[in-house]
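The values are calculated or read from the model by the stated rules, or taken from the named source; none is laboratory data. The structure presented is a predicted model; accordingly, all values stated were derived computationally and were not measured. In this analysis, Cβ positions are derived from the backbone assuming ideal geometry, glycine residues included, and neighbour counts consider all displayed protein chains.
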Amino acid sequence: MNQTVQLLTEIYRSAELTKHLLSKLTRRGSDSEFRRVMADQYAEYHDIVLESQRQFAGIGRTEVPKRCGSVERAGTSWAIVLHERVARSTEHLAELLTHEAIIRLIGICRAIRENTDANDEAKELAHRLRITDENNLRQLLRYV
């Protein structure tokens, strides 16, 4: 697999998993301001997913990668369930999202470092995702 495809795959999967997590948690939050923050973040990741799909099509890939595996989603879903059983507070939801954001940020930084021969458009999208993750992490930390 060439480096452009590898980088776009990491971008797509990371943004798609984030959308999945945010869609689950946005409905569960009790703080309307925090729900708005999550909805705004969902929209940002949705745009990144759409752009990665456009770039896949631009390099002749008619199929985007499979969404995150069931194991990744199951792990996230179990984390949601466990956190909800402990507390449904904004602080706990923000803590869960913060943990997930750090893991994603490490993943995209690693993908950027390992795929230096990817095309410029994919690298720009990867940097956009990294910046989005960093900004959203800062937002989440205000609620922890």
Positions within the stretch 21-61 being of a type in the set (A, V, I, L, M, F, W, C), within 25 Å of T4 (Cα to Cα) and in contact with a Leu (Cβ under 7 Å, 6 or more places away or on another chain), in sequence order: I48, F56
Residues of the stretch 22-33 satisfying the condition of being farther than 13 Å from H46 by Cβ, in contact (Cβ under 8 Å) with a residue 24 or more places away in the chain and either of a type in the set (D, E, K, R) or assigned to a helix (DSSP H, G or I) (or both): K24, L25, R28, D31
Only one of E124, E95 that is touching a residue at least 40 places away in the same chain (Cβ under 8 Å) and of a type in the set (D, E): E95
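Okay, residues lined up against (1) modelled with pLDDT under 95; (2) buried (at least 16 other Cβ atoms within 10 Å of the Cβ); (3) small (G, A, S):
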| residue | (1), (2), (3) |
| --- | --- |
| E10 | no, yes, no |
| H46 | no, yes, no |
| L50 | no, no, no |
| Q55 | no, yes, no |
| L82 | yes, no, no |
| T90 | yes, yes, no |
| I103 | yes, no, no |
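Under the condition of being assigned to a helix (DSSP H, G or I) and in contact (Cβ under 8 Å) with a residue 40 or more places away in the chain, which residue from the stretch 108-121 is surrounded by the fewest Cβ atoms within 10 Å (Cβ to Cβ)?
E114
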Matching residues in the stretch 12-23 - criterion: being under 8 Å from the mean Cα position of the chain (by Cα), buried (at least 24 other Cβ atoms within 10 Å of the Cβ) and not hydrophobic (A, V, I, L, M, F, W, C): S14, T18
Candidate set from the stretch 6-17 (those that are out of contact with any Leu (no Cβ under 9 Å at 6 or more places or on another chain) and of a type in the set (S, T, N, Q)); member that is nearest to S52 (Cα to Cα): T9
Residue within the stretch 60-69 that is surrounded by 12 or more Cβ atoms within 10 Å (Cβ to Cβ) and modelled with pLDDT of 90 or more present: no
